[in-house]
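Here is the structure we will look at.
The values are calculated or read from the model by the stated rules, or taken from the named source; none is laboratory data. Please read all numbers here as calculations on a predicted model, not as lab measurements. Here the Cβ is made from the backbone with ideal geometry for all residues, glycine too, and neighbour counts use every protein chain on show.
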Amino acid sequence: MVKPKSISNFKEQHRAHGSFWTRWLADKRIFAIIALIFLLLILIPLAKNYSHKRLIEKEIEDIQAEISDFEAKNGELKEMIDYLQSDQSLEEQARLNMGLKRPGETVAVIQENAGGVPQASEAIVEEISNWRKWWQYFAD
């Protein structure tokens, strides 16, 4: 004969296995899914922060490169200012632009006209209207 199980006996067996939540969390598959979701909730903001950090670092590198370029240009401009304020530059400008010379020097001017290139004063400049120039360009 089979003894019918009593309700109290069923409750005792049920309590022996634990409550619903402990059985549910003790299952390895469900625990793995919960751990994966928790891991994703942590990793997504970390990935966003990392990409934002890399973007900012790239901008900083670009700005530092620009700064070094500007510092190099600034150094070149300072050298040019120092040269232009020197006596050597003033003397050179006076010689080239004003035709000045030092006492005891002789100035020689060499004209280059041997290649057959006519100078502006030797060239015959013909005044032709613009529409005739276009007509000659397309017709001839």
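Summary table below
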quantity	calculated
Yes/no for LYS78 being part of a loop (DSSP other than H, G, I, E, B) and either at pLDDT 85 or above or surrounded by 10 or more Cβ atoms within 10 Å (Cβ to Cβ) (or both)	no
Filter result for GLU112 (loosely packed, with under 10 Cβ neighbours inside 10 Å and not β-branched (Val, Ile, Thr))	yes
Of all residues in the range 85-103 being over 48 Å from the mean Cα position of the chain (by Cα) and at pLDDT below 80, the one that is surrounded by the fewest Cβ atoms within 10 Å (Cβ to Cβ)	ARG102
